[in-house]
1. Quick one: which residue in PRO78, PRO32 is part of a loop (DSSP other than H, G, I, E, B) and either surrounded by fewer than 17 Cβ atoms within 10 Å (Cβ to Cβ) or within 16 Å of the ligand (Cβ to nearest atom) (or both)?
2. For segment 107-146, what are the residues that are basic (Lys, Arg), open to solvent by 50 Å² or more (accessible area, probe 1.4 Å), out of contact with any Leu (no Cβ under 9 Å at 6 or more places or on another chain) and part of a helix (DSSP H, G or I)?
3. Criterion first (within 14 Å of the ligand (Cβ to nearest atom), closer than 19 Å to ARG142 by Cα and either modelled with pLDDT under 95 or surrounded by fewer than 21 Cβ atoms within 10 Å (Cβ to Cβ) (or both)) does GLY218 satisfy it?
4. Taking GLU149, is it assigned to a helix (DSSP H, G or I), at pLDDT 95 or above and open to solvent by 50 Å² or more (accessible area, probe 1.4 Å)?
5. Can you pull out the residues in segment 132-158 that are touching a Gly at 6+ places or on another chain (Cβ under 8 Å) and among the hydrophobic types (A, V, I, L, M, F, W, C)?
6. Pick from segment 229-254 the residues that are assigned to a loop (DSSP other than H, G, I, E, B) and within 10 Å of the ligand (Cβ to nearest atom): which of them is nearest to LYS11 (Cα to Cα)?
7. For the list (1) touching a residue at least 40 places away in the same chain (Cβ under 8 Å); (2) under 18 Å from the mean Cα position of the chain (by Cα), I need the number of the one condition that GLY222 fails.
8. Under the condition of being among the polar types (S, T, N, Q) and away from the ligand (no atom under 14 Å from the Cβ), which residue from segment 83-106 is surrounded by the most Cβ atoms within 10 Å (Cβ to Cβ)?
Amino acid sequence: MKKIRLYGNWKMNMTRGETLAFFAEFEKSAKPLAAVVGKALEVAVFPPFTALWAAGEAIRAMEGPAPLLGAQNVHFEPKGAFTGEVSIPMVEECGATHVIIGHSERRHIFGESDGLIAQKTKACLAAGLTPVLCYGETLEERESGRAFEVMGRQLCSALEPLSADELGRIVYAYEPVWAIGTGKSATADEAQEVCAWSKELIAGLAKGGVDAAVLYGGSVKGANAKELLSMEAIDGALVGGASLKAESFLEIYTAYAEA
Ligand code: PEP
C-alpha cells in the first residue's frame, strides 16, 4: 500500500484551548493507528499562528503517535519591517517543519501573486522546510477550458527556478477552488487526471528522477476518501473542514485503509 499524507489546514479556526482539546482527542483517536503513523501514514496539522506554539508543545508531550506541525503561511524575509507578517525562524521555533504556500484563499482573497509565492517557496526550501505548494483552477477557468493553462502558469512560475533536488522536497497540493469548503469534491477521475498531469510536468522540469508527492484537496471527508485516495496519482489529502476534529480527520485514512 502506498504512503498516504494526511494534512489538516485549520485556516482561521481553533483558539489555543481548542487546539489543546484537539490534541487530547488526537491521542485517543490515533492509538489504533500507532503502527502506521510516521510510516504508511504521514499526518500533519497546520494551526493558525496564535496556536502554533501550543500545538508544538502538545505534540512534543505526546507519548503515542503524533502529527507533524506546519504553518499556514510565512514571509520570505527572515525579519524586518513587515507589520502583521510571520517569519520562517518564528514558525521553526514552534516546531513547524512544513508550510502551506499559495493556498487559493491567499491567492484570491489576499491577492498573492505567482511571484510572491515563488519567493516564499524558495525561502522555505533554503531553510530546510517543506513547502506544501497549492495550485488549482476556479470554476470559471475550468468551464472555459483554461484549467491546465492556469495551473501550468501557477506551477511553472514557482518551480522553474528550482533544482531537481528542490522539486523533490516540495509536497504539491492540487486544490480546485470550486471544491474548497463547498462540500462538492472533484470526482476521483478529475483529481487523478490533474495529479497525473502535475507529476509529468514536475518530472519534466526536473528532467526526470523526481518522485513528487501530489495531494488532492477540496471537500475531502471519510465518505469520499476511499475513492479519491485509491487513485494511483493521488498521494494523500489536504483537508480543511474535516481536519478540525481529530476523529473526522483520521477517519479519512481509516476509510481508505480499511477499503
Ligand atoms: C483547504 O482549504 O485546503 C480545503 C481543502 O478545505 P475543505 O477540505 O474544507 O474543502
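1. Working: PRO32 fails: part of a loop (DSSP other than H, G, I, E, B).
Exactly one of PRO78, PRO32 is part of a loop (DSSP other than H, G, I, E, B) and either surrounded by fewer than 17 Cβ atoms within 10 Å (Cβ to Cβ) or within 16 Å of the ligand (Cβ to nearest atom) (or both), namely PRO78.
2. Of segment 107-146, the ones basic (Lys, Arg) are 107, 120, 122, 142, 146.
Subsequent filtering for residues that are open to solvent by 50 Å² or more (accessible area, probe 1.4 Å) retains 122, 142, 146.
Narrowing the set further to residues that are out of contact with any Leu (no Cβ under 9 Å at 6 or more places or on another chain) leaves 142, 146.
If the condition is that a residue be basic (Lys, Arg), open to solvent by 50 Å² or more (accessible area, probe 1.4 Å), out of contact with any Leu (no Cβ under 9 Å at 6 or more places or on another chain) and part of a helix (DSSP H, G or I), then ARG142 is the only one that fits.
3. On the way: within 14 Å of the ligand (Cβ to nearest atom): yes; closer than 19 Å to ARG142 by Cα: yes; either modelled with pLDDT under 95 or surrounded by fewer than 21 Cβ atoms within 10 Å (Cβ to Cβ) (or both): no.
So GLY218 fails the test.
4. Values: assigned to a helix (DSSP H, G or I): yes; at pLDDT 95 or above: yes; open to solvent by 50 Å² or more (accessible area, probe 1.4 Å): yes.
For GLU149, the condition - assigned to a helix (DSSP H, G or I), at pLDDT 95 or above and open to solvent by 50 Å² or more (accessible area, probe 1.4 Å) - is met.
5. The initial filter retains those residues of segment 132-158 that are touching a Gly at 6+ places or on another chain (Cβ under 8 Å), namely 132-136, 151, 154, 157-158.
Scanning segment 132-158 gives VAL132, LEU133, CYS134, MET151, ALA158.
6. Residues of segment 229-254 assigned to a loop (DSSP other than H, G, I, E, B): 230-235, 240, 244-245.
Those left that are additionally within 10 Å of the ligand (Cβ to nearest atom): 240, 244.
Working: GLY240: 7, LEU244: 10 Å.
In this case the residue turns out to be GLY240.
7. (1) is the only condition that GLY222 fails.
8. Going through segment 83-106, the residues among the polar types (S, T, N, Q) turn out to be 83, 87, 97, 104.
Now narrow it down to the ones that are away from the ligand (no atom under 14 Å from the Cβ): 83, 87, 97.
On the way: THR83: 4, SER87: 18, THR97: 14.
Residue satisfying both the conditions and the ranking: SER87.
The values are calculated or read from the model by the stated rules, or taken from the named source; none is laboratory data. Everything numeric here is computed off the predicted structure, so don't read it as measured data. Neighbour counts run over all protein chains shown; Cβ positions are idealised from the backbone, glycine included. Note: areas computed on protein heavy atoms with side chains; ligands, DNA, RNA excluded. Shrake-Rupley method; radii C 1.70, N 1.55, O 1.52, S 1.80 Å.
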